[in-house]
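Step one of this worksheet: look at the structure below.
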Amino acid sequence: MPDWLALALSEPGVIWVCGASALAGLIYGFAGFGSALIFMPLATIFVPPPIAVAAFSLSALASLVTVVPGAWKVADRRATGLMILACLVATPLGVAALRLAPGDAIRAAVCVLTLLTLAALVMGWRMPVSPGPVMRAGVGALAGVTGGATGLNGPPVILFNLGTAGQPVAVTRGNLAVFLTLTSLSFLPQLWLQGLLPARALALGVLLLIPYGMGTWIGARLFRPERAGFYRGAAYLLIGAAGIAGLPIWT
């Protein structure tokens, strides 16, 4: 058995972490969002938050093959690119919080942010004004902070895209998929620069490429634009379950 595989399999609860990764990939594949909102609350039950963030960021490599090619064709690349750039600038602040804050505090923040995001979505969040470059940059920067600190780069961008009136479902899904995948991968060098990319995180991330890649591949092929409401509802249900299950009050 290769050393990296032995190291990954030695992680506590690795089977459950792999299961969470597969489920997160499935939801991401057909809904275009929600992977970190499902994976992070569940994974941090078993492994420290920095390890979960780093491993999940590496597993996002699978989405470059299974999800991004299709999403890239329909995404608003100019607008999404601006948000990605702002996210890159702000990510070091979030990673610093991840490095300095206690693990239980980060875990609680992951679950609370997950549940608050779900509540906003269920209540039908809508943007009060037409989005412009300044607002897009601000949302991207906020995603960099939340993503670096908790692995949840999605909430600000999900609320922004799903709440923007008049945007086609395919474009919304494409924007989210491109942003979430590329920014998740960008976390890796930031984590390395701040000493949060140990061998165990890399080993676990490589292992997660398999279940996450399979999940996104299946999910992307299940997607049908006319069933967007069903996919969104399924994502909401699973996000809520993950957020509640991951609360540190249970363990």
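The values are calculated or read from the model by the stated rules, or taken from the named source; none is laboratory data. Just so it is clear, the structure is predicted and the values come from calculations on it, not from any experiment. Don't worry about glycine lacking a Cβ; one is built from the backbone with ideal geometry, like all the others, and counts go over all protein chains shown.
Worth pointing out:
Residues are listed down the side, and each one gets a yes or a no for (1) at negative phi; (2) crowded, with 16+ Cβ neighbours inside 10 Å; (3) in contact with a Pro (Cβ under 7 Å, 6 or more places away or on another chain); (4) at pLDDT below 90:
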{"position": "165", "(1), (2), (3), (4)": "yes, no, no, yes"}
{"position": "177", "(1), (2), (3), (4)": "yes, yes, no, yes"}
{"position": "186", "(1), (2), (3), (4)": "yes, yes, no, no"}
{"position": "191", "(1), (2), (3), (4)": "yes, yes, no, no"}
{"position": "227", "(1), (2), (3), (4)": "yes, no, no, yes"}
{"position": "232", "(1), (2), (3), (4)": "yes, yes, no, yes"}
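- Test: residue in segment 183-205 that is out of contact with any helix residue (DSSP H, G or I) (no Cβ under 6 Å at 6 or more places or on another chain), polar (S, T, N, Q) and under 20 Å from residue 79 (Cβ atoms): no
- Residue within segment 171-179 that is assigned to a loop (DSSP other than H, G, I, E, B) and either under 22 Å from residue 83 (Cβ atoms) or touching a residue at least 60 places away in the same chain (Cβ under 8 Å) (or both) present: no
- Enumerated helices (runs of 4 or more DSSP H) restricted to segment 19-89, each holding at least 1 residues that are at pLDDT 90 or above and surrounded by 21 or more Cβ atoms within 10 Å (Cβ to Cβ): 35-43, 49-59
- Qualifying residue in segment 121-130 (condition: out of contact with any strand residue (DSSP E or B) (no Cβ under 9 Å at 6 or more places or on another chain), touching a residue at least 24 places away in the same chain (Cβ under 8 Å) and hydroxyl-bearing (Ser, Thr, Tyr)): no
- With respect to the stated conditions, residue 146 fails to be closer than 23 Å to residue 172 by Cα, touching a residue at least 60 places away in the same chain (Cβ under 8 Å) and assigned to a helix (DSSP H, G or I).
- Lone qualifier among 155, 131 - being modelled with pLDDT under 95 and either closer than 24 Å to residue 104 by Cα or out of contact with any Ser or Thr (no Cβ under 8 Å at 6 or more places or on another chain) (or both): 155
- Tabulated pairs, segment 8-32, first farther than 10 Å from residue 219 by Cα, second among the acidic types (Asp, Glu) and not in a helix (DSSP H, G or I), C-beta under 8 angstrom, 6+ apart or interchain: 17/11
- Segment 149-170 - residue that is assigned to a helix (DSSP H, G or I) and of a type in the set (A, V, I, L, M) and, of those, farthest from residue 118 (Cα to Cα): 170
- Where a residue in segment 90-106 is at negative phi and its partner, wherever it lies, is of a type in the set (Phe, Trp, Tyr) and surrounded by 15 or more Cβ atoms within 10 Å (Cβ to Cβ), with Cβ under 9 Å and at least six apart: 91/187; 94/187; 95/187
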